[in-house]
Amino acid sequence: MMQGTGGARRQGSGQGMVALLQELQGSARASVFARELGIAHSTLVKVYAGRRGAGRKVVAALLRRYPERRNDILSLFLPSD
């Protein structure tokens, strides 16, 4: 397992995670979507802007809110074989 906050795929960064977040957000405002996920609005904005990766809290929130999308979420967060 990678240590620290770096790492290519560990933080769920990249266009794939942003695309999935935008798809799940739909037409809702970012502040409403963040509240539904139980994360800070600023966290969501930073992920969208590429200033931070999704991280464990965002991924956990997505898994709680969208259990049916588990495979999609985890495939973007976990390193591939």
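Annotations
- Computed log₁₀ I(q)/I(0) - Debye formula, equal Cα scatterers, no solvent, region 15-77, q 0.15, 0.16, 0.17, 0.27 Å⁻¹: -0.37, -0.42, -0.48, -1.39
- Likely footprinting exposure, Val45, Val18, fewest C-beta neighbours within 10 Å first: Val45, Val18
Just so you know, all these numbers are worked out from the coordinates, no wet-lab data involved. None of these values were measured; they are calculated from a predicted model. Note that each Cβ is placed from the backbone with ideal geometry, even for glycine, and that neighbours are counted across all protein chains shown.
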